[in-house]
Amino acid sequence: MGRIAALPIGIRAVTKTYGDIYALEHVDLDVQSGEFLTLLGPSGSGKTTLLMVLAGFTRPDSGSVRFGDEEMIRMPPHKREVGMVFQNYALFPHMDVAGNIGFPLKLRGASKDDIGARVESALATVQLEGYGERRITQLSGGQKQRVALARAIVFEPRILLMDEPLSALDKKLREHMQIELRRLHDQLGMTTVYVTHDQREALTMSDRIAVINHGKLIQLDDPRNIYDHPADPFVANFIGESVLLPVEYIGGAPCYRGEPLRLSESAAAAAGGHLLMLRPERLVLLTDEQPADHAHYNRFKGSVGHVVYQGESFVTYVTLADGAEVAVRSVSRRQTLAAAPPPGSEVTLGLHPDETTLIPDPSQTRDD
Amino acid sequence: MTEHAVMNRTAAGVNAAGIRRDELREKLTLFGLAAPAAMLVLVIIVIPVGWLFWLSLFNDEGVMSLSNYTRMLESKSYTRIFTTTFKVSFLTTALCVLLGYPLAYFLAQLPKRWAALGMMAVLLPFWTSLLVRTYAWLVVLQRKGLINQWGIELGLWDTPIRLAHNLNGTLIGMAHIMLPFLVLPLYGAMKSIDFDYMKAASNLGATPAYAFRHVFFPLSLPGLFAGIIIVFVLCLGFFVTPAVLGGGKVIMVSMKIETLVDLFFNFGTASALGVVLLALTLLVLFLAHRLLQLDRVLGGGHGG
C-alpha cells in the first residue's frame, strides 16, 4: 500500500457529561496532518471517550470536531471514513480473514478482483501474506491485531484511530508491535490518534502526547518535553517515576531545606515552581573520591534503606533527612554494583543542574 | 536387580503407580456420582421407549408381526396425520420466528432492567397451566369470543371470523405457547454478540441496515437455529392445544395415539405411531445437526 493522504483534526470545546460527572470538559486539541498523537491517561480519564467522539460512537453534549475543513460532530459513524482498531479487535467471527479485510471494500462497491488485490496488498502491508483463507479463531493474538489493522487501513482512511490495540498482547509482542505500528504509520502517513494508559508505549510511539485526566487535557507536548518538564504533579507521577520535594523561595531563589538549588539558566528563567522533581535515573550516588564534574551538582544527604536488583539496573532506596524516600536507579555494571552502598549507610545523592526540574504545585499557585 | 528393571519399564518413575491409582479412584468417584442420574435415565427413558418399541411389534391378536407398520404405509389416513403434524409444526415454528426474532432483538437492545421486565413478560405464561392458557384462547377466539365481538362492534367485519376450532386457532394457540422456547435461546445468542462488532461494521462504512444484515443476523443464527429446533420438535408431539383449539379438524399424531389407546385400546398401533414419530423427530434433529455443521463450514465464505 502506498502513502495515504492525511487530514488534520480540530477538536474545539468538546464536552461530555454523564450525570454530574464530566467525561470530557471543554477539550481543545489540534492533531496535525500526518501526526501520530497519543491520548494518554489513567482508566476513566476520558481518553477513550474522546476517541469515541472522534469515531462518532459517543455523542458529546457540545463542541466541534473537524476533519480538515469538514464539521463532523453530527455525522453518523458510517459516513466518517475513519479507520479504527478496537481494543478487542472486533473481527467478525463468521468471516475469514479476507472477508473481514474485504468488508469495507465490498461496502464501497469495489469489484471482486479489485477487492482481492487490495486485500492481498493490505495483508502484505501487515506481513500476513497468504492468510486470507484463515478463520479468525485460528489466529494468534498478534495476528488478530494485524488483521484488525489491515481492515482499518485497507479502504485508505485519512485518519486512523486506535483504542489500546496492544493491551491484550504479552510484553515482548507488545514492544515489537509498538515499533511496527509506528513504522506502518510512517510508511502510510495517515493522521493517527492512539489511546493508551501505558506511558512507556506513549513515549515510544508518539510524535506528541496529550495527557488527559478527569476529562481535561492536562499537557500536550512531545515525549521528551512531557517527561522532562511535566506540567503538574499528576503528569510527573503518571509518566515515569518521580518523587516531588517541596521548594521554598528565599530571597527569590528556590531552596530545598534552606539550601539554594542550582538550576540551569532556562530552568531558572522558568522558575516559579514549588516542587522539585527527582527521577531515579537522573540521581547519582556520589562517592568519596568525586570526579571534578560532580562538584556543581545539587546534593542531598540520606541513609540507604534497601537495594533492589532488577537485572539490567538496580534501585537504591534512600531516605532523606526530611523523611522522603527517593529511589536511585543505577545501571548494573561491575563497578557500580561493587560500589553500591550497603543498607543503613549514609550517602550523598547528586543531581545535575540541567536535570534539576521545578514543577508547579497547583495547591500553592494562589500564594504567588 | 531384575525387579527394579521391571518396575522401571512398567511404571517408569517415582510414585507413578500411586498417581495412576489416584486417577482411577477419581474416575470411579465421578462414575459413582453420575450413577443415580444414569439409573434414572435408564428407568424413565430407555426402558419405557424400549417397551414401546416391543409393544409395536405385536398385532391385534398378540402375534408378533410388522402389521402395525405396514398398515401405516398403506393407509392414507396415517399419511394425512403425519402431513398435518409436520405442517402444523412447520407453520407454528415459522410464526414463532416471525414474532420471536423481532421480540428477542428488541429485548436484547433494552437496558438491563427493562430487558429483565420484558423477559418476565415473555416467561409469565409459563407460570400458568397450559390448559388454562389454551382455554383462554378459546374464549378470545371463538365465534362469540372477544375478538369477534369487538371486531363486529367496531364495524370492522360483519360475520364472525372463524378463528377457533380450525387450523387458525391451533396455530395461534401453539405459537403463543411455543414463543418463549424460541425467544430464550435467541435472546441469549443475541446478548452474547459483542456490540463492538456493530461498531466496527459502522466504522467501516456500513449503514445500520447493512450491519444488521451482514454482521448481527449471521451471528444470531446459532441461537435462532437452536430455538427453531426446540420449537419444531416440541410441536411434533404436541397434544393439548390442537385438541382444544383444532375442533377435531386438526388431527396430529399425538391425538391419534390418544384415540387409539383411549377408545380402541390398541396399544400396538399406538406404540408404532409413537416409534415412527420418535424416529422422525430424531431424523429432524440429525438433519438440523448436519445443516448447522455445514453452515459453520460455509461460514468462512461469507465475505469472500
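Below, the figures for the structure above:
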read-out	value
Angle between chain A longest axis and helix A:141-153 axis [Cα atoms, degrees, rounded to 10]	60
Nearest-20 debye value, segment B:116-259 charge dipole, Cβ charges on Lys, Arg, Asp, Glu	220
Dipole of segment B:44-185, positive direction: furthest Cα of B:Leu156, B:His176, B:Thr84, with charges on the beta-carbon	B:Leu156
Counting DSSP beta bridges with both ends in the protein assembly as shown, the antiparallel % (nearest 5)	75
Coil-residue trypsin sites (Lys or Arg not before Pro) of segment B:235-298, DSSP, other Cβ within 10 Å capped at 13	B:Lys249
Residue-averaged beta-carbon neighbours from other chains (10 angstrom radius) around A:275-284	0
Förster-model FRET efficiency, 25 Å R0, A:Ser43 and A:Gln138, C-beta, rounded to 0.05	0.20
Choice from B:Val97, B:Val275, B:Val43 with maximal GNM fluctuation in chain B (Cα, 10 Å cutoff)	B:Val43
Residue exposure sequence - A:Arg224, A:Arg257 - by fewest surrounding Cβ within 10 Å	A:Arg224, A:Arg257
Unit charges on C-beta of K, R, D, E only; dipole of the protein assembly as shown, Debye	3180
Cβ-derived FRET efficiency at R0 22 Å, B:Leu282 paired with B:Arg80, nearest 0.05	0.50
Sorted by Cβ neighbour density within 10 Å, fewest at the top, the residues B:Ile44, A:Ile226	B:Ile44, A:Ile226
Packing-based exposure ordering (other Cβ within 10 Å, fewest first) of A:His352, A:His94	A:His352, A:His94
Segment B:171-304 shape via C-alpha gyration tensor axes, a/c threshold 1.5	prolate
Simple spin-label estimate for B:Lys87 and B:Val63 in nanometres, 7 Å along Cα-Cβ	3.7
Stretch in chain B that is longest and holds no chymotrypsin sites (Phe, Trp or Tyr not before Pro) that DSSP places in a loop and that have at most 12 other beta carbons within 10 Å	B:1-156
Global geometry of chain B, whether rounded, prolate or oblate, following the gyration tensor of its Cα atoms and the 1.5 cut on a/c	oblate
Ellipticity estimate at 222 nm from DSSP helix runs (n ≥ 4, -39,500 (n - 2.57)) divided over chain A, nearest 500	-7500 deg cm²/dmol
Where labels lie 7 Å past Cα in the beta-carbon direction, separation of B:Ile44 and A:Met75 in nm	6.2
Cα-based reach from A:Lys216 at 14 Å (exclusive), listing aspartates and glutamates while leaving out same-chain residues under 8 positions away	A:Glu25, A:Asp28, A:Asp232
Cross-link pairs beyond the 26 Å C-alpha cut-off, checked among B:Lys112/B:Lys199; B:Lys87/B:Lys144; A:Lys47/B:Lys199; A:Lys144/A:Lys172; A:Lys47/A:Lys171	B:Lys87/B:Lys144
Cα gyration tensor shape of segment B:1-141, rounded if a/c is under 1.5, else prolate or oblate by comparing a/b with b/c	oblate
Virtual spin-label span in nm between A:Glu259 and B:Trp51, 7 Å along Cα→Cβ	9.8
Per-residue average of Cβ from other chains inside 10 Å of B:193-200	6
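Any read-out appearing in this document is the output of simple, stated calculations on the displayed coordinates, not a laboratory observation. What you see is a predicted model, and the numbers here were worked out from it, not measured in a lab. For neighbour counting, all protein chains shown are included, and Cβ atoms are generated from backbone atoms with ideal geometry for every residue, glycine included.
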